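Remarks on the structure that follows.
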Amino acid sequence: MKVPLLDLKPQYRALKSELDAALLRVSESQYFILGPEVKALEAAIAKYSGCRFGIGISSGTDALLVALMALDIGAGDEVITSPYTFFATAGTIARVGARPVFVDIEPGSFNIDPDAIERAITPRTRAIMPVHLYGQMADMDRIMAIARRHKLRVIEDAAQAIGSEDAKGRRACSIGDIGCLSFFPTKNLGAFGDAGACVTNDEQLAAKLFKLRVHGMEPKYYHELIGGNFRLDEIQAAVLNVKLPHLDAWSAARQRNAAFYDAAFAKVGIKGLVTPPPASVGARHIYNQYCIRAPRRDELRAHLAKAGVGAEIYYPLPLHMQQCFAYLDHKPDDFPESLRASGESLALPIYPELEQGQLQYVVDSVAQFFSG
Ligand SMILES: *Cc1c(COP(=O)(O)O)cnc(C)c1O
């Protein structure tokens, strides 16, 4: 049996006629950039995220970058974030000239540890950038309390967490100053290429984000600010407009798959294997990834590959150990939980269209490795 980590074809097949029609509509219109499809998507994404304003952006990375620019974060500033995330989170902080200040994660959720945030604040700290990793929200209550106490801005990196909710039922992106989303094809809501968005409840920030997206230009050819080309294509927006109404059903299917794994792994009872912590009561985990922690993780992954099961390591080298951040002068065990997660975590196939037989095969293949 083959169980890939992710297969986008069944989703495409299910929506083929609608998606093909949407692509054709853009072809016929020959309107390619920031047109009616983008406008419709911006309204829909804002509503879905519980925010007043949506700004379509060229990618999730650019959404983070333009959010930092909109908050005037730059040289001399510090932004606190997690070292256990995709590179873009810290890369964008460095690109605006600020210093990424890493703090460790909580071992259970893989998300930033609020206690560690408070200890890392200096007079130069301007913002906190929590990441809602794997589809589960960081502890926004405590993060916002810290931010208010120290007058810091909060940018939510919700690239993996569209539609996730905390225990109070608040959606990812609706709590901080700006929320950033990615529609990279492997995310829960994926485009046919690169795409992203910023969402916010702040009218002034929204106006600034709209401007920065087009080189800080308003009116045409008059530049009040230095922005960039962070525009979103009509083709991507058209695809996303077709897909968005299905997102809740896909997230529910991911939750069902996660529950299947939880129960099946509990039944097998593998020593040392840890399944992801369930969402806290009332919260909504959208399982962009289902990451187990496993002893002999690299051997397990090789065994799974031989059995036809796709599994991926997120993230093999935490950001504080990346060569490009050598100037931050960190030692590997400066953030022991991030280091440990890098050595133990393994993402298993969790995409919505998986069948029970496939899920069981993944569990059996993992169990076989540890019994054999
Ligand atoms: C995917 C991702 C990004 C970047 O999004 P792109 O659309 O690929 O640029 C940023 N942060 C996290 C946590 C991500 O997973």
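No value in this document is a laboratory result; all are computed from the given coordinates. Everything numeric here is computed off the predicted structure, so don't read it as measured data. Note that each Cβ is placed from the backbone with ideal geometry, even for glycine, and that neighbours are counted across all protein chains shown.
Summary of values
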{"item": "Unsatisfied cross-links (Cα-Cα over 20 Å) in the set K16/K39; K9/K243; K16/K243; K187/K211; K2/K267", "result": "K16/K39; K187/K211; K2/K267"}
{"item": "Linear extension gain, H246 paired with D72, 0.36 nm per residue minus alpha-carbon span", "result": "59.0 nm"}
{"item": "Among 304-311, 150-157, 61-68, the order from most to least packed when residues are scored by Cβ within 10 Å on average", "result": "61-68, 150-157, 304-311"}
{"item": "Contour excess over end-to-end distance, with Cα ends at E224 and A167 and 0.36 nm allotted per residue", "result": "16.4 nm"}
{"item": "Radius, Kirkwood style, for segment 174-277 when every pair of distinct Cα atoms is counted (Å)", "result": "17.0"}
{"item": "Sorted by Cβ density within 10 Å, fewest first, the residues Y84, Y221, Y12", "result": "Y221, Y12, Y84"}
{"item": "For R284, R142, R119, order by how many other beta-carbon atoms lie within 10 Å, fewest first", "result": "R119, R142, R284"}
{"item": "Radius of gyration and maximum dimension Dmax of segment 264-372, Cα, Å", "result": "15.7, 49"}
{"item": "Unit charges at the beta carbon, dipole of segment 243-358: most positive-side option, L317, S280, F260", "result": "F260"}
{"item": "Viscosity 1.306 mPa s, 10 °C: Kirkwood-radius Stokes-Einstein D of segment 220-312 over Cα pairs, µm²/s", "result": "92"}
{"item": "Spin-label pair T186/R95, simplified geometry with 7 Å Cα→Cβ offset, distance in nm", "result": "1.8"}
{"item": "Which of E203, E165 has the fewest Cβ neighbours within 10 Å, and the rest in rising order", "result": "E203, E165"}
{"item": "Beta bridges by DSSP in the chain, antiparallel share as percent, to the nearest 5", "result": "60"}
{"item": "Segment 171-220-segment 264-303 distance, computed between alpha-carbon centres (Å)", "result": "32"}
{"item": "Only Lys, Arg (+1) and Asp, Glu (-1) charged, at Cβ; segment 255-372 dipole about Cα centre in debye", "result": "260"}
{"item": "Magnitude of the charge dipole, the chain, Cβ model with Lys/Arg +1 and Asp/Glu -1, debye to 20", "result": "260"}
{"item": "Projected-area average for segment 115-166 over all orientations - Cα convex hull basis, square nanometres", "result": "3.6"}
{"item": "log₁₀ of I(q)/I(0) at q = 0.08, 0.10, 0.11 Å⁻¹ - the chain, Debye sum with one point per alpha carbon", "result": "-0.40, -0.63, -0.77"}
